[in-house]
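Colleague: This is the structure I want to talk about, given as structure tokens.
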Amino acid sequence: MCCDSKRRFLLLYATQKGQAKAIAEEISQQACARGLEADMHCISEMDKYNLETEKDPVVIVISTTGTGEPPDTARKFVKKIQDTTLPPDHFAHLQYGLLGLGDSEYMFFCNGGKTVDRRLQELGAQHFYDTGLADDCVGLELVVDPWIDGLWLALRKAILLPKEKEGMNNVVDAVSSSLSTAPHVGHELNLSSEVQNLRLEDDGARSSDVLSQNLDDINLVTPARNIEASLVHSVPPISQSALNVPALPPEYIEVQFQDTCGETPHLSSLLLEGTTFEVPVKNAVQLTREDAIKTALLLELDISDTVFDYQPGDAFCVICPNNVNEVEELLHILGLSEKGDDFVCVKVKQGTKKKGASRPQYIPERSTLKFILTWCLEIRATPKKAFLRALVECTSDAGEKRRLQELCSRQGASDYTRFIRDSNVCFLDLLHAFPSCKPSLNLLIEHLPKLQARSYSVSSSNLYQPGKLCFVFNIVEFPACPTRPVSRKGVCTGWLAELVAPLLHPSKNTLDTKGESSSTVKISICPRPNNTFHLPADPSVPFMMVGPGTGISPFIGFLQHKQKLREQHTDWEFGETWLFFGCRHQDRDYLFKQLRCFLENGTLTHLKVCFSRDSSTAEVAPPKYVQDVIRLYAKDVARVLLKERGYFYICGDKKHMADGVSDAVVDILSTEMEADRLEAMKILAMLREEKRYLQDVWS
């Protein structure tokens, strides 16, 4: 305990990739420095807290995953509070503040936090502090930092005795008035920068003591003339400013090398929930020509010997390793090339100042160092500011040390966004840029997040192809740039491409190609069902699909499934089916030319395609993008959605396609209904609410 239990508050986090947990830990550390006790738990640990009897303030940090769902760790909690038998005053005793994390690139921004916030309000809970919604699209810290700064005054008011509260009311009211209403939900707020200036003095502990360094404590480095700002160089005013840097996170992990050997953990141990299946890759086909801008691959998995089940429209996850060359390079930089195959024991450091410290569940207690770096840690992750702060202490060069301080400071927020976050700089890039930085193994385990399994849409039907699961992906490419000395491929797509290279037959662009080798390639997968992105339950209902590029993937499964149903149930009535597909070049990346087969056998009623980079000699140029093609069939879109109550599916890139399609649909509804744009937007929102306008998109 760092403080009196009378100053306790309950701190809950719900995380998918570790962001919410890291922010909760930052809140906990700052709370302790201010004489407050954060009783911190993962929201899934419902045996360790009880909101029904909780008397102290509650702070909740929650992320959003998938298509607006709460993270996996919050599913049981959300299910519990959504019990319709709970009375409206069930949480009338509860006072809370909530910080939601999300990405406005996706349709249901911060919906995980909004769902919990809305339900707690419905059950009578009261805000003691306004809700914050942080956007990873522009940088979580733009809301997170000021939200945490303003939290302490609100917490003090909520915790203090009634007679002490009176003197603080005016101060806290002034804080609340400095909050600006966000455009998302009326009472959910993005915090103004004014809150950054707030400082809480309590028990001799000042916020500025925790977060700032005096100018005298920093070796100012004057840059050479005409040097532009970069990852490794700063320019005035930041290069000559005093810095507010985060508090140094306490170390809490100890890594010990073992003399004895042991058994390497199984990959299934890396998945904390759910079941993994190791399945053979039976076939691999390159769907694009060699001169296509992107390389798309189709993989066929054999799931016949498993209980893995799926529906068309579902997704699943591939458990993938980090690139072997990058792991070797990291070991070399750390001076551990000879120790990669040595066993290490990972445990909590004795006497650590970190409250509630524990070994991350995804890190085995005993394994080889190479196993941890290959299968457990996301070495490609963008380093957080807390990690940069810890790396300062491992850096010997004064100039490099100063630059790392700048990048993690409040004054350096724009530099962090520009040179690290937006440039996708990873840990390995940092070690190249700052060669005097030599971190210890424990810092990697403390600050690098869990290596996430990668999610892919299923591109097949179990009814059409029993015992098979297909999926399509582009090999992701990251070109070299000033902050990235070498080009890289995506962690999973690059690994898969290398793994199936012996199976590839680029010249045969067909689903029926059989490319098999004598050695069986296997990968580990786990299910990730989609609750909504499925075919209509009633086969007579018409539907439209929009899937340019690899966005067509789930719709191949839709069409296969419908074709099989038509063969099995000749007496059923089937609604019309539309598919809008687009790619760059008809002869290079038209992924599934056999779509014509679905058209010819009646499974697909309408196929509309466009090619954005092909030149045309026609007097009127054909449309280049799917959103343009959709506008040509405005009356059909309106008829299917409004008159026939059909479904509309979109899969693919959000920013450059899905938003454009949504705009086109709004324009169509406005024109065909002779309504203004606002009314058309309301109708589209209603279609989303009815789960008839569905998206599976990525940024």
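Colleague: Which of the residues belonging to segment 457-476 are in contact (Cβ under 8 Å) with a residue 40 or more places away in the chain and open to solvent by 30 Å² or more (accessible area, probe 1.4 Å)?
Modeller: Selection gives Asn462, Leu463, Tyr464, Gln465, Pro466, Lys468, Asn474.
Colleague: Applying the selection to segment 96-107, what residues are touching a Lys or Arg at 6+ places or on another chain (Cβ under 8 Å) and either under 26 Å from Asn50 (Cβ atoms) or not charged (D, E, K, R) (or both)?
Modeller: The answer is Gly100, Tyr106, Met107.
Colleague: Quick check on my filter: what residues within segment 104-113 are touching an Asp or Glu at 6+ places or on another chain (Cβ under 7 Å) and not in a loop (DSSP other than H, G, I, E, B)?
Modeller: Residue satisfying the conditions is Gly112 alone.
Colleague: Which residues, counting only those in segment 669-699, are of a type in the set (Val, Ile, Thr) and over 20 Å from Asp636 (Cα atoms)?
Modeller: The one that is of a type in the set (Val, Ile, Thr) and over 20 Å from Asp636 (Cα atoms): Val697.
Colleague: Quick check: anything in segment 419-426 part of a helix (DSSP H, G or I) and surrounded by fewer than 22 Cβ atoms within 10 Å (Cβ to Cβ)?
Modeller: yes
Colleague: Moving on. List pairs: first in segment 106-117 and under 20 Å from Asp659 (Cβ atoms), second among the small types (Gly, Ala, Ser) and buried (at least 23 other Cβ atoms within 10 Å of the Cβ), Cβ under 6 Å, 6+ apart or cross-chain?
Modeller: From segment 106-117, the pairs are Phe109/Gly102; Cys110/Gly100; Cys110/Gly102.
Colleague: Quick check on my filter: what residues within segment 35-72 are open to solvent by 30 Å² or more (accessible area, probe 1.4 Å), under 22 Å from the mean Cα position of the chain (by Cα) and polar (S, T, N, Q)?
Modeller: Result: Ser44, Thr64, Thr67.
Colleague: If we only count strands (runs of 3 or more DSSP E) wholly inside segment 250-353, which ones have 1 or more residues that are in contact with an Asp or Glu (Cβ under 7 Å, 6 or more places away or on another chain) and surrounded by 15 or more Cβ atoms within 10 Å (Cβ to Cβ)?
Modeller: Result: 253-257, 277-286, 296-302, 343-348.
Colleague: Counting residues that are aromatic (Phe, Trp, Tyr), which strands (runs of 3 or more DSSP E) fully inside segment 1-103 reach at least 1?
Modeller: 8-14, 95-102
Colleague: Mind listing just one residue for me: the one in segment 356-383 that is among the small types (Gly, Ala, Ser) and more than 21 Å from the chain's Cα centre (by Cα) and, of those, surrounded by the fewest Cβ atoms within 10 Å (Cβ to Cβ)?
Modeller: Ser358
Colleague: Just to be sure I understand, how many residues within segment 629-654 are surrounded by fewer than 16 Cβ atoms within 10 Å (Cβ to Cβ) and touching a strand residue (DSSP E or B) at 6+ places or on another chain (Cβ under 9 Å)?
Modeller: Summing the residues that are surrounded by fewer than 16 Cβ atoms within 10 Å (Cβ to Cβ) and touching a strand residue (DSSP E or B) at 6+ places or on another chain (Cβ under 9 Å) in segment 629-654 gives 1.
Colleague: Filter segment 648-661 down to the residues that are farther than 19 Å from Ser459 by Cβ and touching a Leu at 6+ places or on another chain (Cβ under 7 Å) and list them by number.
Modeller: Within segment 648-661, just Phe648 meets the criteria.
Colleague: Among Ala685, Ala675, which is part of a helix (DSSP H, G or I) and either within 21 Å of Phe533 (Cα to Cα) or open to solvent by less than 80 Å² (accessible area, probe 1.4 Å) (or both)?
Modeller: When all the criteria are applied, what remains is Ala685.
The values are calculated or read from the model by the stated rules, or taken from the named source; none is laboratory data. Predicted model, so just to flag it, every value in this text is computed and none were measured. With ideal geometry, Cβ positions are generated from the backbone for all residues, glycine too; neighbour counts draw on all protein chains shown. Keep in mind that these areas ignore ligands, DNA and RNA; they rest on the heavy atoms of the full protein, side chains included. Shrake-Rupley method; radii C 1.70, N 1.55, O 1.52, S 1.80 Å.
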